[in-house]
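A short reminder: the numbers here are calculations on the coordinates, not readings from a lab. Nothing here was measured: the structure is a model prediction, and the numbers come from that model. Cβ atoms come from the backbone with ideal geometry, glycine included; neighbour counts cover every protein chain shown.
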Amino acid sequence: MNGFLGTQAGFAADLNLILQLAMGIALLAGTYLARQKRFGAHGLCQASVLVLNLPLLALMMWPVFRIQVMPRLAAHLTRRYYFVAALHGGFGMLAELLGFYLFLVCCTSLIPQWLRIQNWKLWMRIELAVWWTTVVAGVGVYFVWYVLPARR
């Protein structure tokens with residue numbers, strides 16, 4: 001099925017790009033909520049993005065990465081197609097894992113006290129920066145995979 005953004009991407013890639021950008025904006029909205037001291041709404045917003053991203057990872061991004069990138073990554077890491085995908089995947093994995101760690105620390109007692117963070121603001125800002133680095137790298141993947149080939 002053809003995409004709707006006018007590139008060589010399919011519908012799933014176009015949809016994923018739009019959803020990822022929307023989730024990035026939602027994370028910024030959650031940051032605003034925290035600054036307004038609306039911590040319940042902040043937590044709900046951030047946790048919703050974290051959980052909503054899981055099906056996109058499982059159904060769209062991981063299968064493509066596993067089939068198209070992983071088998072050739074070691075031999076072709078210096079090629080733009082593979083490098084940008086590896087960068088996006090690495091930051092994405094870090095963002096998701098750090099997000100779940102922060103969620104578990106904040107909302108459960110599953111993490112032992114000695115493994116809990118102390119400086120919440122710092123770690124939340126790091127998480128937001130890693131997530132937005134992932135979003136930007138994802139836009140880079142989209143550009144390299146679906147926009148640049150049409151310009152040749």
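Can you give me the relative contact order of the stretch 11-151 as a percent, contacts being Cα pairs under 8 Å and 6 or more apart? Don't skip to the end; give the middle numbers.
On the way: 90 pairs, mean separation 40.7, N = 141.
Relative contact order here is 29 percent.
Just rank Cys106, Cys45, fewest to most, by other beta-carbon atoms within 10 angstrom.
Numbers: Cys106 16, Cys45 20.
The most exposed by this proxy come first: Cys106, Cys45.
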Notebook entry, point to check: Relative to the longest principal axis of the chain, what angle (0 to 90°, nearest 10) does the C-alpha long axis of helix 39-56 take?
Noted result: 30 degrees
Note to self: Need one number: nm distance between label points at Trp62 and Thr31, each 7 Å from Cα along Cα→Cβ, rounded to one decimal.
What the structure shows: 2.8 nm
Next item on the list: Please find, in a Gaussian network model of the chain (springs between Cα atoms separated by less than 10 Å), the residue of Gly24, Gly90, Gly138 whose mean-square fluctuation is greatest.
Entry: Gly90
Item checked: Helix 11-35 vs. the chain, principal-axis angle (Cα, 0 to 90°, nearest 10) -> 20 degrees
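Based only on other Cβ atoms within 10 Å, what is the fewest-to-most ordering of Val135, Val64?
Values: Val135 21, Val64 16.
Fewest-to-most Cβ neighbours within 10 Å comes out as Val64, Val135.
Give the Kirkwood hydrodynamic radius (Å, one decimal) of the chain, defined as one over the mean of 1/r across all pairs of different Cα atoms. Could the numbers behind the result be given before it?
Working: mean 1/r = 0.0599 Å⁻¹.
Hydrodynamic radius (Kirkwood, Cα only) of the chain equals 16.7 Å.
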Note to self: Between helix 80-107 and the chain, what is the angle of the helix's C-alpha long axis to the longest principal axis, kept within 0 to 90° and rounded to the nearest 10?
What the structure shows: 20 degrees
